[in-house]
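The numbers here are math on the coordinates, done by the rules we state, and not lab data. Worth saying up front: this structure is predicted, and the values here are computed from it rather than measured. In this analysis, Cβ positions are derived from the backbone assuming ideal geometry, glycine residues included, and neighbour counts consider all displayed protein chains.
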Amino acid sequence: MKIDLTQARATVKELAEELEALDGTEVIERPSCEARRRNSHTSRTLLHLAHLGNRVSVEIMSVYHDFKLRDNPPQGSDH
């Protein structure tokens with residue numbers, strides 16, 4: 001068995017690229033339509049980044065559980 005983290009690595013790459021793109025984004029503090037639009041986009045992007053972080057965690061845990069099942073197969077009941 002080979003551990004396959006291809007999907008998790010792809011998600012991490014996507015996350016890293018989007019983090020880099022968002023890093024240093026200026027927040028517009030004055031109330032205007034443009035400020036609300038840009039800040040709304042930033043808010044949605046931050047939520048998406050959090051989602052990617054959660055997704056990569058789930059992908060890694062899936063590989064972990066698959067590994068543990070192969071490493072320690074369920075034992076039959078002695079009853």
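About its Cα centre, the dipole of the chain is roughly 220 debye, where the only charges are +1 on Lys and Arg Cβ and -1 on Asp and Glu Cβ. Charge tally for LEU15 (other residues, Cβ to Cβ under 13 Å; Lys, Arg +1; Asp, Glu -1): -3. On full extension, the segment bounded by HIS51 and VAL63 gains 2.5 nm, given 0.36 nm per residue less the C-alpha separation. Length gained on full extension, GLU34 to GLN75, computed as 0.36 nm times the residue gap minus the Cα-Cα distance: 8.6 nm. Between LEU22 and GLN7, the distance separating the two model label sites (each 7 Å from Cα on the Cα→Cβ line) works out to 2.2 nm.
Look at the dipole of the stretch 1-54 built from charges on Cβ: of GLN7, SER40, LEU19, the Cα furthest out on the positive end belongs to SER40.
For the peptides 56-63, 28-35, 39-46, the ranking by mean Cβ contacts within 10 Å, running from highest to lowest, is 56-63, 39-46, 28-35. For the chain, the alpha-carbon radius of gyration amounts to 1.75 times the rule-of-thumb value 2.2 N^0.38 Å expected for a compact globular protein. Rounded to the nearest 500, what is the 222 nm mean residue ellipticity of the chain from helices alone, with -39500 (n - 2.57) per DSSP H run of 4+ residues and division by all residues? After summing the helix terms and dividing by the residues of the chain, the value is -25500 deg cm²/dmol.
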